[in-house]
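The values are calculated or read from the model by the stated rules, or taken from the named source; none is laboratory data. Note that the structure is predicted; figures quoted are calculated from it, not measured. Glycine also receives a Cβ, built like all others from the backbone with ideal geometry; neighbour counts cover every protein chain displayed.
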């Protein structure tokens with residue numbers, strides 16, 4: 001009897017296993033127009049059609065007529081959990097390479113607006129053979145598809161899906177790499193094309209190793225200025241459910257702000273994919289009142305892998321962004337809050353103010369669509385009042401001069417963050433804000449570091465300069481450079497800057513070793529994703545945007561970033577007359593004894609001796625947690 005039960009359980013388990021690995025069939029769906037290569041590559045509905053991808057033959061193939069955003073798949077009739085996918089390339093010399101970065105998706109809406117990725121392929125494949133991948137996605141799907149990579153005509157000989165019939169659940173979804181996966185589908189498979197038209201879309205954000213999901217309707221458009229013209233496009237997304245949300249809501253990486261608008265930054269010309277991240281880290285170390293939240297992510301748009309991006313705050317008024325009173329059209333007190341930007345791209349904005357000093361300001365909050373004439377008049381006159389004080393003969397007066405209307409501490413933090421980062425855009429785009437009944441403008445937040453850290457061929461190499469970068473760089477909005485020069489010409493400001501720099505060097509981790517460790521750590525986090533990014537965007541051997549050179553590898557780009565940090569920290573030390581060596585020398589505490597059995601470490605934390613300072617060369621060491629000069 002026991003033997004019969006064992007056999008029965010074995011048969012049940014076998015049936016379950018067979019069910020889970022069953023090859024699935026259904027109605028073929030996908031891009032209708034194919035290409036007839038034998039008829040001058042004309043459109044066809046009879047040759048190389050989508051049915052060829054499911055005919056079981058490796059000597060036929062599907063070839064879509066359009067080169068991008070084309071696909072082939074199955075309507076399974078009912079929901080199925082997919083456990084495996086198989087595929088084989090078109091059987092000629094171009095077939096294998098046209099498989100790289102192909103995306104497999106599952107959906108339950110026929111327009112695939114609710115689709116999530118099942119797998120992203122990195123293999124070129126072999127003609128006449130199948131490649132396969134296990135799929136660990138617990139959701140059930142009625143519709144499944146294979147999307148060809150960009151500019152590859154969705155060429156594929158065979159596609160197969162395996163799984164079992166089930167509603168499934170969302171306990172586990174697919175993450176492209178260790179980074180969160182931001183997946184966007186735009187209605188009717190449209191591509192966002194400008195900053196004016198917000199397209200109906202749907203977002204799924206998958207994170208925490210595929211165990212967490214945020215799924216919302218959104219509006220998608222392009223963002224940025226110069227960056228909007230790159231092949232790799234930047235996006236602005238806005239939640240479209242009349243609610244505000246955190247990003248990465250129940251994760252350790254959770255965004256502080258609960259908001260509707262977010263940016264998806266493309267960092268096309270930044271081949272380290274982390275310049276904004278490192279600059280924001282520096283901003284936090286200097287203690288700026290607000291530094292934008294930022295998180296590297298993998299981005300898929302309409303089923304096409306687009307690369308490594310940075311999901312980031314949209315700069316705006318919010319208690320966890322720019323924390324000032326939000327102004328409304330009916331606000332009785334019009335003294336604040338205002339968020340403005342001295343903006344070299346002011347001509348792209350519907351409203352702006354040009355001051356008597358030729359500085360041009362745009363309105364961020366209230367924005368151009370909502371600001372009233374009374375509010376505009378107030379903030380414009382206040383800008384003029386502030387600039388007048390800076391340029392007046394009594395501007396250094398503590399009670400009536402520029403300090404009374406510009407917050408010096410925020411300016412110093414803004415200035416040093418941008419100078420340490422070597423940011424040519426520091427006076428090209430300068431954010432300022434004023435709260436209700438606050439007499440002062442505050443500077444910040446910092447923003448846009450893609451061409452910082454010696455990534456601008458017009459300024460490279462910064463180590464050869466003797467002046468602050470803001471003063472000699474080609475980028476400035478209006479006369480903002482002159483305003484900065486006027487502020488820094490006050491000797492008291494320079495003394496305050498020295499004090500702030502020394503405090504940052506001693507107490508806030510503004511040192512080359514610490515910042516290079518941050519860079520190495522972030523490079524490790526991004527490593528899987530950057531391989532995919534530079535497969536999609538093959539530019540490591542090409543100068544793009546303002547690159548001073550093409551270094552040929554991701555690691556070389558990271559090393560150049562670290563080299564710049566080490567050079568720039570020393571440069572500012574010298575500029576401000578700070579001697580870190582003198583600061584590192586400490587007297588040994590009276591009750592601290594160095595014996596011949598004391599452990600001794602160098603400044604990098606490496607143990608160099610277990611016998612005290614005996615036989616060690618002259619230098620600075622760490623003994624018992626104290627720095628010691630020998």
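Rundown of residues vs (1) at pLDDT below 95; (2) farther than 29 Å from residue 118 by Cα, yes/no style:
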site	(1), (2)
250	yes, no
256	no, yes
261	no, no
284	no, yes
292	no, yes
297	no, no
301	no, no
304	no, no
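If the condition is being over 23 Å from residue 301 (Cβ atoms) and free of Cβ contacts under 8 Å to residues at least 40 places away in the same chain, then segment 251-279 contributes 252, 254.
Please note which helices (runs of 4 or more DSSP H) are completely contained in segment 490-592 and include at least 2 residues that are under 24 Å from residue 459 (Cβ atoms).
Passing ranges, in order: 491-507, 512-536, 554-576.
All conditions but one from (1) at pLDDT below 95; (2) farther than 15 Å from residue 431 by Cβ; (3) out of contact with any helix residue (DSSP H, G or I) (no Cβ under 8 Å at 6 or more places or on another chain) apply to residue 372; the one that does not is (1).
Listed here are the residues, each with its yes/no results for (1) surrounded by 14 or more Cβ atoms within 10 Å (Cβ to Cβ); (2) at pLDDT 70 or above; (3) under 23 Å from residue 506 (Cα atoms).
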site: 591; (1), (2), (3): no, no, no
site: 602; (1), (2), (3): yes, yes, yes
site: 608; (1), (2), (3): yes, yes, no
site: 613; (1), (2), (3): yes, yes, no
site: 622; (1), (2), (3): yes, yes, yes
site: 625; (1), (2), (3): no, no, yes
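Taken together, the residues in segment 1-44 that are at pLDDT below 95, part of a loop (DSSP other than H, G, I, E, B) and more than 19 Å from residue 88 (Cβ to Cβ) amount to 3.
Of 438, 457, all but one fail to be out of contact with any strand residue (DSSP E or B) (no Cβ under 9 Å at 6 or more places or on another chain), closer than 23 Å to residue 334 by Cβ and at pLDDT 95 or above; the exception is 438. Would you mind telling me which numbered condition in (1) surrounded by fewer than 16 Cβ atoms within 10 Å (Cβ to Cβ); (2) touching a residue at least 60 places away in the same chain (Cβ under 8 Å) residue 538 fails? The number of the failed condition is (2). Scanning segment 404-423 for residues that are closer than 21 Å to residue 466 by Cα, in contact with a helix residue (DSSP H, G or I) (Cβ under 6 Å, 6 or more places away or on another chain) and either in a loop (DSSP other than H, G, I, E, B) or outside the structural domain of residue 434 (by TED's automatic domain parsing) (or both) gives a single hit, 422.
The condition of being touching a residue at least 60 places away in the same chain (Cβ under 8 Å) and under 22 Å from residue 296 (Cα atoms) holds for only one of 496, 513, 438, 450, that being 450. Checking the stated criteria, residue 282 turns out to be out of contact with any strand residue (DSSP E or B) (no Cβ under 8 Å at 6 or more places or on another chain), touching a residue at least 12 places away in the same chain (Cβ under 8 Å), buried (at least 22 other Cβ atoms within 10 Å of the Cβ) and farther than 19 Å from residue 536 by Cα. Screening segment 387-403 for residues that are assigned to a loop (DSSP other than H, G, I, E, B), in contact with a helix residue (DSSP H, G or I) (Cβ under 9 Å, 6 or more places away or on another chain) and within 20 Å of residue 355 (Cβ to Cβ) and picking the one that is modelled with the lowest pLDDT gives 395.
Taking residue 521, is it crowded, with 19+ Cβ neighbours inside 10 Å and at pLDDT 95 or above? No, not satisfied.
Of the residues making up segment 217-235, those that are outside any loop (DSSP other than H, G, I, E, B) and under 20 Å from the mean Cα position of the chain (by Cα) are 218, 219, 220, 221, 222, 226, 227, 228, 229, 235.
For segment 333-359, filtering for residues that are in a strand (DSSP E or B) and surrounded by 21 or more Cβ atoms within 10 Å (Cβ to Cβ) leaves 6.
So is residue 445 on the phi < 0 side of the Ramachandran plot, in contact (Cβ under 8 Å) with a residue 40 or more places away in the chain and surrounded by fewer than 24 Cβ atoms within 10 Å (Cβ to Cβ) or not?
The answer is yes for residue 445.
Does segment 499-512 hold any residues that are surrounded by 15 or more Cβ atoms within 10 Å (Cβ to Cβ) and either in contact with a strand residue (DSSP E or B) (Cβ under 8 Å, 6 or more places away or on another chain) or over 14 Å from residue 285 (Cα atoms) (or both), and which are they?
none
Does segment 346-359 contain any residue that is assigned by TED's automatic domain parsing to the domain that holds residue 483, within 23 Å of residue 321 (Cα to Cα) and touching a residue at least 40 places away in the same chain (Cβ under 8 Å)? The answer is yes, given that some residue of segment 346-359 is assigned by TED's automatic domain parsing to the domain that holds residue 483, within 23 Å of residue 321 (Cα to Cα) and touching a residue at least 40 places away in the same chain (Cβ under 8 Å). With respect to residue 326, determine if the residue is in a loop (DSSP other than H, G, I, E, B), in contact with a strand residue (DSSP E or B) (Cβ under 9 Å, 6 or more places away or on another chain) and not assigned by TED's automatic domain parsing to the domain that holds residue 411. Answer is yes for this residue.
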